[in-house]
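The values are calculated or read from the model by the stated rules, or taken from the named source; none is laboratory data. Everything quoted here is computed from the prediction, not taken from an experiment. Reconstructed Cβ throughout: ideal geometry from the backbone, glycine too, with neighbour counts over all protein chains shown. Only protein heavy atoms, including side chains, enter the accessible area calculation; ligands, DNA and RNA are left aside. Shrake-Rupley method; radii C 1.70, N 1.55, O 1.52, S 1.80 Å.
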2 protein chains.
Amino acid sequence: MPESPIRKLAPFAEQAKKRGIEVIHLNIGQPDIPTPESALKAVREAQVEVLSYSPSEGTSAYRKKLARYYQGVNIPVDETEIIVTTGGSEALSIAIGVVCDAQDELIVPEPFYANYNGFATANNVTVAPLPTRIEDNFALGSIEQFESLITPKTKAILLCNPGNPTGYVYRETELSQVLTLAKKHDIFVIVDEVYREFVYGVPFTSMLSLAGSEQHVILIDSVSKRYSMCGARIGCLVSKNKGVLAAALKFCQARLSPPTYAQIASEAALETPQSYFESVNREYTQRRDVLMEALAKIPGVRVGAPSGAFYCMVELPVADADHFAQWMLSDFQDQGQTVMVAPGSGFYASPGKGKNQVRIAYVLEQARIKRAVELLAIALTQYPQQ
Amino acid sequence: MPESPIRKLAPFAEQAKKRGIEVIHLNIGQPDIPTPESALKAVREAQVEVLSYSPSEGTSAYRKKLARYYQGVNIPVDETEIIVTTGGSEALSIAIGVVCDAQDELIVPEPFYANYNGFATANNVTVAPLPTRIEDNFALGSIEQFESLITPKTKAILLCNPGNPTGYVYRETELSQVLTLAKKHDIFVIVDEVYREFVYGVPFTSMLSLAGSEQHVILIDSVSKRYSMCGARIGCLVSKNKGVLAAALKFCQARLSPPTYAQIASEAALETPQSYFESVNREYTQRRDVLMEALAKIPGVRVGAPSGAFYCMVELPVADADHFAQWMLSDFQDQGQTVMVAPGSGFYASPGKGKNQVRIAYVLEQARIKRAVELLAIALTQYPQQ
């Protein structure tokens, strides 16, 4: 199993904190937005006597309401096409297990969410990375390049839309091209849409809203970011392919059920008014703008401009961002503060790629983002380049 | 993925209920014992504003208290040797992922908890079954037979103690023999002790309390049965082997964290007084006795007498218990009631074995157990043998 690039520097951060240094975390996507009160209240007031298993596919009440949510965002599914999982993580792991045997391949545009590699490895599946470029903000590039990666062992294409770590939001034409390719080669598209509600000023298209996607698309979703309830561990797998649903259910039955309290919270969270998302999106748009403006002022820094999620990949004027990120925790401080970023190499499968990049999550208050980028700029001037 | 034998007849039970028939469930180990009030109260009163990720290995507060619990039951571990998981299910799946590569083998005494097969299959690992006999109450048998199953691909022995579905509690001498064998061949023992607190009139020995077990034992545990909180989905993986812990942590980091609310409940559940377990054990002892007495009266029935957990394997005078179990749901009723059992074949990896057996869970009130066995007896007299 590969190590998580988001968490592997944690021991250095711990040591810095023990030395009395305040570490500003740009490395992890834990939003500071309050969880909707409806979700918290539902748990406080739940009448539980025996905290029993739920159905393996999740409670019917939750799946029914979830189906209505999807119908409202132009994804025509009913409750029988939704399986509740323990976070988007489990949905992804199950989707890979359903479509791949050992030694099969999964095509993933890189950079990608590092744990995709972990889930693939745990399933004995190989990731075939499709290179994308920071200069293009990580758009998909030519479909011919994509097609050249398909082999007899390719079972699926895995997309994250909006993208973690890139913040890229795929255009409808790109999604259509991918779907056409998948249908031509009779493979699946697994699309991770956990950041669906976080899109800033561009249109969002769900892969499962495309005509003809029914038999080929597996949608991965989660309440973690949408309702700022990462600790719930509730996600889901959505598909209109009955074979996929039947196979996924077997994986779910083996692990018995998703967590009960968290399903109660997630069901109630669906009552969250649209105004919540609007105010959250306004806040993230401002945070992104503050971050972009601040990064633009640092000499030698290049950013893949994000229009969704709350991450971006940033190229730094350093040869080894892994070393630089660790150095900021172990050897740098300014007025008792330092900053933690996620080294970029962990988001690439191609050896050597992303060495001068880091992922930044803009989930903090604007003033803290400003100060964090200031710290980054100071650190770059003091960092002894080898 | 194999189907769960515990849940595969669920559609027939649903149809019976739709026809107005009451189905008494002897098929599933969902206890009716109330969850301790301390656990429910802790969740009701938790001060949550942002339901955030916990550490991947679980909260430090919970792991510290858990370590004290283990020390109190003669398992000398500290918090750094405990990783909190999403149910015992996840702990098992991770343990298999840690010790096995694809195509490796796992030796498991059969009959075994059916989902072991699911977790092994999902990890591309093969189960090598060690036969045990209902006449011996499923004791381990000769260690030579055990050793003959070990090949260069064998990475671990997986034991369930007390056993699901057998109710067998391993003697210390049996455990010592298994440990000696594991050390001789340098393989692991994964021991699932989720029923540790449910032992009736015989001594219980934890594998991890044996001298010399440190580098070879991975303990799987769960709050599900102990505190009647199956829906929490909190378990743990315990080991004194640092390599195992480091590898397991990578799996845990990939899936981010175990559920937060459920950890709050689980931590508080540890305050449950010993008297709770004593009264629960008294109740289960009585239920077992009621079940054994009732089954003994049915001609042609043979039982592997259980001394732990709350299951037993029962041999019925039928050729195909799968068919009989389904027939009880689809074609039988007495005074508007029928009974659901788990067909035995699903608990065996050897083809053809367990065909005339079923697993019975005695998690219901005594009067209901009596009535359920009465229904079973009537059904056996009416069942048209092919």
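Could you check region B:15-73 and list, in sequence order, the residues that are basic (Lys, Arg) and over 23 Å from B:Ser279 (Cβ atoms)? Passing the criteria: B:Lys17, B:Lys18, B:Arg19, B:Arg44, B:Arg63, B:Lys64. Scanning region A:340-386 for residues being open to solvent by 10 Å² or more (accessible area, probe 1.4 Å), touching a Leu at 6+ places or on another chain (Cβ under 9 Å) and under 20 Å from A:Pro131 (Cβ atoms) gives a total of 2.
Would you pick out the residues in region B:208-246 that are in a loop (DSSP other than H, G, I, E, B), under 26 Å from B:Phe277 (Cβ atoms) and not aliphatic (A, V, I, L, M)? If you could, list the steps in order and put the result at the bottom.
From region B:208-246, those in a loop (DSSP other than H, G, I, E, B) are B:210-216, B:223-229, B:233-234, B:240-241; that's our starting set.
Subsequent filtering for residues that are under 26 Å from B:Phe277 (Cβ atoms) retains B:210, B:213, B:223-229, B:233-234, B:240.
Selection gives B:Ser213, B:Ser224, B:Lys225, B:Arg226, B:Tyr227, B:Ser228, B:Arg233, B:Lys240.
I'd like to verify a number: residues in region A:23-52 that are at the interface with chain B (Cβ under 7 Å from one of its Cβ atoms), under 28 Å from the mean Cα position of the chain (by Cα) and either within 24 Å of B:Ala39 (Cβ to Cβ) or free of Cβ contacts under 8 Å to residues at least 40 places away in the same chain (or both), how many? Residues flagged as at the interface with chain B (Cβ under 7 Å from one of its Cβ atoms), under 28 Å from the mean Cα position of the chain (by Cα) and either within 24 Å of B:Ala39 (Cβ to Cβ) or free of Cβ contacts under 8 Å to residues at least 40 places away in the same chain (or both) within region A:23-52 amount to 3.
Among the residues of this structure, A:Leu270 counts as one that is within 20 Å of A:Gly72 (Cβ to Cβ), more than 10 Å from chain B (Cβ to nearest Cβ), at pLDDT 95 or above and open to solvent by 30 Å² or more (accessible area, probe 1.4 Å).
Each row is one residue, and each column tells you yes or no for (1) part of a strand (DSSP E or B); (2) surrounded by fewer than 24 Cβ atoms within 10 Å (Cβ to Cβ); (3) touching a strand residue (DSSP E or B) at 6+ places or on another chain (Cβ under 8 Å); (4) not assigned by TED's automatic domain parsing to the domain that holds A:Ser148.
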{"site": "A:Leu92", "(1), (2), (3), (4)": "no, no, yes, no"}
{"site": "A:Leu106", "(1), (2), (3), (4)": "yes, no, yes, no"}
{"site": "A:Phe119", "(1), (2), (3), (4)": "no, no, no, no"}
{"site": "A:Val127", "(1), (2), (3), (4)": "yes, yes, yes, no"}
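Going by the conditions given, is B:Ala294 surrounded by fewer than 20 Cβ atoms within 10 Å (Cβ to Cβ) and either in a loop (DSSP other than H, G, I, E, B) or modelled with pLDDT of 95 or more (or both)? It is true that B:Ala294 is surrounded by fewer than 20 Cβ atoms within 10 Å (Cβ to Cβ) and either in a loop (DSSP other than H, G, I, E, B) or modelled with pLDDT of 95 or more (or both). Taking every residue in region B:137-152 that is over 17 Å from B:Ser350 (Cα atoms) and at pLDDT 95 or above and pairing it with any residue that is in a loop (DSSP other than H, G, I, E, B) and of a type outside the set (Phe, Trp, Tyr), at least 6 positions away or on another chain, the pairs with Cβ-Cβ distances below 7 Å are B:Asn137/B:Gly304; B:Asn137/B:Ala305; B:Ala139/B:Thr132.
Among the residues of region A:227-246, write down those that are open to solvent by 10 Å² or more (accessible area, probe 1.4 Å) and not aliphatic (A, V, I, L, M).
Step one: list which residues in region A:227-246 are open to solvent by 10 Å² or more (accessible area, probe 1.4 Å), which gives A:240-243, A:245-246.
Within region A:227-246, A:Lys240, A:Asn241, A:Lys242, A:Gly243 qualify.
Taking the criterion of being open to solvent by 20 Å² or more (accessible area, probe 1.4 Å) and among the polar types (S, T, N, Q), the residues of region B:322-339 that qualify are B:Gln326, B:Ser330, B:Gln333, B:Gln335, B:Gln337. All conditions in (1) touching a strand residue (DSSP E or B) at 6+ places or on another chain (Cβ under 7 Å); (2) closer than 25 Å to A:Asn241 by Cα; (3) not aliphatic (A, V, I, L, M) hold for A:Asn123, with the sole exception of (1). Of the residues that sit in region A:311-321 and are open to solvent by 30 Å² or more (accessible area, probe 1.4 Å) and either assigned to a helix (DSSP H, G or I) or out of contact with any strand residue (DSSP E or B) (no Cβ under 7 Å at 6 or more places or on another chain) (or both), which one is farthest from A:Leu26 (Cα to Cα)? Result: A:Ala319.
Step by step: first the residues of region A:8-22, then only those that are open to solvent by 40 Å² or more (accessible area, probe 1.4 Å) and touching a residue at least 12 places away in the same chain (Cβ under 8 Å), then the one that is nearest to the other protein chains (Cβ to nearest Cβ). Which residue is that? Restricting to residues being open to solvent by 40 Å² or more (accessible area, probe 1.4 Å) and touching a residue at least 12 places away in the same chain (Cβ under 8 Å), the top hit is A:Lys8.
Which residues, taken from region B:247-260, are open to solvent by 10 Å² or more (accessible area, probe 1.4 Å), part of a helix (DSSP H, G or I) and facing chain A (nearest Cβ under 7 Å)?
Of region B:247-260, the ones open to solvent by 10 Å² or more (accessible area, probe 1.4 Å) are B:247, B:249-251, B:253, B:255-256, B:260.
If we keep only those that are part of a helix (DSSP H, G or I) as well, we get B:247, B:249-251, B:253, B:260.
B:Ala247, B:Lys250, B:Phe251, B:Gln253, B:Thr260, listed by residue number.
In region B:60-86, the residues that are more than 22 Å from B:Arg255 (Cα to Cα) reach residues that are assigned to a helix (DSSP H, G or I) and of a type in the set (Ser, Thr, Tyr) with C-beta atoms within less than 6 angstrom, at least six apart or across chains, in these pairs: B:Asn74/B:Ser209; B:Ile75/B:Ser209; B:Val77/B:Tyr70.
Here is the figure for region A:129-151: residues that are open to solvent by 40 Å² or more (accessible area, probe 1.4 Å) and either more than 17 Å from A:Cys312 (Cα to Cα) or not polar (S, T, N, Q) (or both) total 12.
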